[in-house]
Amino acid sequence: MFMLIGELAERAGTSPRTLRYYEEHGLIRPRRDANGYRQYDDGELRVVHEIRALLADGFGVGDIRPFVECLRAGNSAGHVCPDSAVVLRRKLAEVDDFIDQLTAVQERLRDQLQEIKCHFAVRE
């Protein structure tokens with residue numbers, strides 16, 4: 001069963017414009033009917049859900065292709081393929097670095113607040 005772009009957008013919780021954007025980046029693949037309308041099979045709904053989940057997790061559009069290809073290869077999930085694992089490792093390293101940066105900021109803020117407490121405690 002095929003669906004038009006509006007139906008896919010509704011079922012995926014997104015907009016036709018977003019689906020066209022995914023298509024421009026080669027992430028989803030519609031077929032065209034005789035009138036030129038985009039038609040999508042049910043498998044594309046799964047792909048769109050994967051794309052949206054990855055984007056929500058902070059992955060860029062350029063990072064998503066291995067996950068989509070993994071799904072298209074018939075795998076149960078987009079993260080189970082070696083190319084996806086490469087992207088996952090890189091993203092995990094980015095997240096770890098960001099956590100380190102945030103921890104350093106957190107420590108500086110705590111130190112500054114402690115200085116304020118000490119400064120005002122002495123005056124009282």
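Bear in mind that the values in this text are calculations on the coordinates, not laboratory data. None of these values were measured; they are calculated from a predicted model. Counting neighbours? That spans all protein chains shown, and the Cβs are built from the backbone with ideal geometry, glycine included.
Structure notes:
- Of Glu23, Glu44, Glu10, all but one fail to be out of contact with any Lys or Arg (no Cβ under 9 Å at 6 or more places or on another chain) and of a type outside the set (Gly, Ala, Ser); the exception is Glu10.
- Residue match in the range 89-106 (condition: of a type outside the set (Val, Ile, Thr) and either at positive phi or surrounded by 16 or more Cβ atoms within 10 Å (Cβ to Cβ) (or both)): yes
- With respect to the stated conditions, Leu71 is closer than 20 Å to Leu8 by Cα, out of contact with any Leu (no Cβ under 9 Å at 6 or more places or on another chain) and either assigned to a helix (DSSP H, G or I) or not basic (Lys, Arg) (or both).
- Pairing residues of the range 43-69 that are on the phi < 0 side of the Ramachandran plot with residues that are polar (S, T, N, Q), at Cβ distances under 6 Å and at least 6 apart in sequence or on separate chains, gives Pro66/Ser84; Phe67/Ser84.
- Of residues in the range 13-34 being part of a loop (DSSP other than H, G, I, E, B) and not small (Gly, Ala, Ser), the one farthest from Arg65 (Cα to Cα): Asp33
- Residue in the range 35-52 that is surrounded by the most Cβ atoms within 10 Å (Cβ to Cβ), counting only those that are in a helix (DSSP H, G or I) and in contact with a Phe, Trp or Tyr (Cβ under 9 Å, 6 or more places away or on another chain): Ile51
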